[in-house]
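Right, one structure below, let's go through it.
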Amino acid sequence: MSAAHAFLQRLGERFSDEPTWVTARRQAGAARFEALGFPTKRDEAWKYTDVRRIAEGEFALTDDAELSASRFEALSMPLDAYRLVFVDGVFSTALSDVEALPEGISIEPLTTAMRTNHEAIGGAIGRLAGVDFSPFTALNVALSEEGAVVRIGQGVVVDKPIYVVFASRANEAPRMSHPRVLVMAGARSQATVIEHYAGETGAANFTNVVSEVMLERGAIVDHYKLQEASSEDLHVASIHVEQACDSRFTSFNLNLGGALVRTDLVTDLNAQGAEANYNGLFFVQGRQHVDNHTLVNHNAPQTFSNENYKGILNDRARGVFNGKVIVKRDSQQIEAYQNNANLLLSDRAEIDTKPELEIYADDVKCSHGTTTGQLDEEAVFALRTRGIDEQMARGLLTLAFAGEVMDQVRLPAIAERVERAVAGKLPERFNLADLVEVSDALQEA
Amino acid sequence: MLEVKDLHVTVEGSEILKGLSLTINPGEVHALMGPNGAGKSTLSAVIAGKDGYEVTSGQILFEGQDLLEMEIEERALAGILLGFQYPVEIPGVKNIYLLKAALNAQREARGEKELPAPEFMKLVREKLSFMKMDGSFLQRAVNEGFSGGEKKRNEILQMLVLQPKLAMLDEIDSGLDIDAMKIVAEGVNSLRSQDRAILMVTHYQRLLEHIVPDHVHVLVDGRIVKSGDKNLAHELETRGYEWVLEESVA
């Protein structure tokens, strides 16, 4: 019996009384997952990431969304936003806030959307990420129950961020969830969507999410994935984006937590003028493992992509960056830039980084670069000669390294949270928040 | 304040300082001169605590404390500040962060509270304008993309904010045009006081017209071979270093 088969067997009869078409979909997902099996190090895309902790884990699906307001507040950001909250994958009406939505915006849990808008949603779900992308997307299709569906009408500019929180509780036994996120941005619409994965201390759950984002002509979407899972949580995410002409998609893939984290980010630039910006930052320590695989498909002429990923690794943490750009035949006059820089704070931390360019057109502007290094010891010395202790000096320089990505973040609450997460490892006695205040005061003056 | 006693220092196996002795008292301004390779910069690097310099014998006392036993930052907190010949660029760290963190560290070491943001800003702005620097400097990353003159002014700005007991200036005049030199010199001169000392390391007499020293020392081949007052610097300018060496050998 394969590990994949055993994994599904453990679920028993959970999905017995569903509509036939849903059952058929699950069966397709399950069959594909069993055929593919859990990836191993022999699979090129999983060469550096060992998923045995997932394959051998025993995870139960969840039925309740109980989480007190105070526990939720401890995990989430106090944003002025439209909010959908899922607790171990289960929708929480109590913690969500999607009242008073303006005209032209729909934000719903997947189950509601499927019930009330089956026509519009049924076909879109799985169109960009079906059973074939990876064993985990197949597994998601087999087991997905809930998720977030966001639809923005033509020309609608959403006035507040759309904040989707996936909370992972410290349960008695490990749970798993396979959420879906679907964002459909109509022509010339504008929205900011935040997927926030937050884990309670001691949580040891498995999240396997698939997100699909569709941008019609001229749509502008800022997509934040803020991953703050607990140090025992296992997290696999697959984000798939489709862009029509003149649309602009900006991704912030910010990874701070998790024991084992894998994110795939794929964008199809399907028509002239489409632009994708990938900003990534990961900060890992202990024995954390974070793997980012990104892919941009330049499927049409005059499309643009710009990618900047930065990694900070401490202790025995391990990182993987694989950034691929494919320029299709006849996709002329495209521009694709990619950069990956990593900072190793410990001798035992490790990063495997690989940029890949496949170019089948001849009139293109492409570049890629990758650097891995330690903190500049001369800069550490220079700061110490000013009386700044060594830990603080290293902290300041680490924060500075992350700064280039963080400067792009347009939501101050997120920038501050990430900055604090990175700087929070600094000794308390120098209050960086206070420094930020000084800096702000100065800019106002 | 500072006592350097028979200091021997090797760098990568070769002896650079060969028995250097120097005493600096509060209120004094000293200039250490000498030809290239004499070991001028080595002395300031050893005092600041830079890696790669091995003290094989001798002693450095700062206000009676054994300096060589102190961490780099402890030396700074004790009141020693080095103005670098080549200030390092620190991308991503804003000047204002550096100044605030450094001043906080000092105040904490003295058992004082953090300076509140408005007072801190007032202090920094005052020093900025003294150094004829624009407010935008504070938001820029430390020395990143600064011209040679801007970097040197930035070093002095840090000194004006941190008010060290002993300010060491390593070739602070290199790469400065005459206007920048005047501004830097004014900054340094404003630090002169009864209880502060300044040690300038320089190759040229030019700087000493703007910052007039009380004592001039000539460093040749790892040792101070001659000391005098400011007139010694003039003599060196006209006669070069050779005669000092000959005199010391004889």
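Condition check ((1) over 25 Å from A:LEU357 (Cβ atoms); (2) out of contact with any Leu (no Cβ under 6 Å at 6 or more places or on another chain)) across all residues:
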position: A:ASN205; (1), (2): yes, yes
position: A:LYS225; (1), (2): no, yes
position: A:SER231; (1), (2): yes, yes
position: A:ASP246; (1), (2): no, yes
position: A:ARG262; (1), (2): no, yes
position: A:LEU281; (1), (2): no, no
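For every residue, the table says whether it meets (1) in contact (Cβ under 8 Å) with a residue 24 or more places away in the chain; (2) of a type in the set (S, T, N, Q).
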{"residue": "B:VAL9", "(1), (2)": "yes, no"}
{"residue": "B:LYS40", "(1), (2)": "yes, no"}
{"residue": "B:MET70", "(1), (2)": "no, no"}
{"residue": "B:ASN104", "(1), (2)": "no, yes"}
Screening A:GLU73, A:GLU66 for residues that are in the same structural domain as A:PHE136 (by TED's automatic domain parsing), open to solvent by 70 Å² or more (accessible area, probe 1.4 Å), free of Cβ contacts under 8 Å to residues at least 12 places away in the same chain and over 26 Å from A:ALA124 (Cα atoms) leaves only A:GLU73
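Criterion first (closer than 22 Å to A:LEU260 by Cβ and within 24 Å of the chain's Cα centre (by Cα)) does A:ALA6 satisfy it?
No.
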Of the listed residues (A:VAL51, A:VAL22), the one being at pLDDT 95 or above, touching a helix residue (DSSP H, G or I) at 6+ places or on another chain (Cβ under 9 Å) and either open to solvent by less than 50 Å² (accessible area, probe 1.4 Å) or not assigned by TED's automatic domain parsing to the domain that holds A:ARG169 (or both) is A:VAL51
Of the residues in segment A:379-409 that are of a type in the set (Val, Ile, Thr) and out of contact with any Lys or Arg (no Cβ under 9 Å at 6 or more places or on another chain), the one that is nearest to the other protein chains (Cβ to nearest Cβ) is A:ILE388
Checked segment A:315-348 for anything touching a residue at least 40 places away in the same chain (Cβ under 8 Å) and either over 20 Å from A:TYR278 (Cα atoms) or among the charged types (D, E, K, R) (or both); matches are A:ARG318, A:LEU345
Restricted to segment B:124-136 and to residues being in contact with a Leu (Cβ under 7 Å, 6 or more places away or on another chain) and assigned to a helix (DSSP H, G or I), the residue nearest to B:ARG107 (Cα to Cα) is B:VAL124
Checked B:GLY145, B:GLY149, B:GLY111, B:GLY52 against criteria (open to solvent by 20 Å² or more (accessible area, probe 1.4 Å) and either at the interface with another protein chain (Cβ under 7 Å from one of its Cβ atoms) or over 23 Å from A:GLU390 (Cβ atoms) (or both)); the one match is B:GLY145
The number of residues in segment A:1-54 that are among the β-branched types (Val, Ile, Thr) and either over 30 Å from A:LYS354 (Cα atoms) or assigned to a helix (DSSP H, G or I) (or both) is 4
Being crowded, with 21+ Cβ neighbours inside 10 Å, over 11 Å from the mean Cα position of the chain (by Cα) and assigned by TED's automatic domain parsing to the domain that holds A:GLY153 narrows A:GLY199, A:GLY218 down to just A:GLY199
Residues in segment A:393-445 that are closer than 26 Å to B:LEU77 by Cα, of a type in the set (A, V, I, L, M) and modelled with pLDDT under 85 total 7
Here the qualifying pairs (Cβ atoms under 6 Å; residues six or more apart or on different chains; first in segment A:350-378 and within 14 Å of chain B (Cβ to nearest Cβ); second of a type in the set (A, V, I, L, M, F, W, C) and open to solvent by less than 50 Å² (accessible area, probe 1.4 Å)) come out as A:THR371/A:ALA341; A:LEU375/A:LEU397; A:GLU378/B:VAL88
In segment B:114-142, anything more than 7 Å from chain A (Cβ to nearest Cβ) and of a type in the set (A, V, I, L, M, F, W, C) is listed as B:LEU115, B:LEU123, B:VAL124, B:LEU128, B:PHE130, B:MET131, B:MET133, B:PHE137, B:ALA141, B:VAL142
If we keep only residues of segment B:79-102 that are aliphatic (A, V, I, L, M) and under 12 Å from B:ILE47 (Cα atoms), then the residue nearest to the chain's Cα centre (by Cα) is B:LEU82
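The values are calculated or read from the model by the stated rules, or taken from the named source; none is laboratory data. What you see is a predicted model, and the numbers here were worked out from it, not measured in a lab. With ideal geometry, Cβ positions are generated from the backbone for all residues, glycine too; neighbour counts draw on all protein chains shown. With ligands, DNA and RNA removed, areas are computed over all heavy atoms of the protein, side chains included. Shrake-Rupley method; radii C 1.70, N 1.55, O 1.52, S 1.80 Å.
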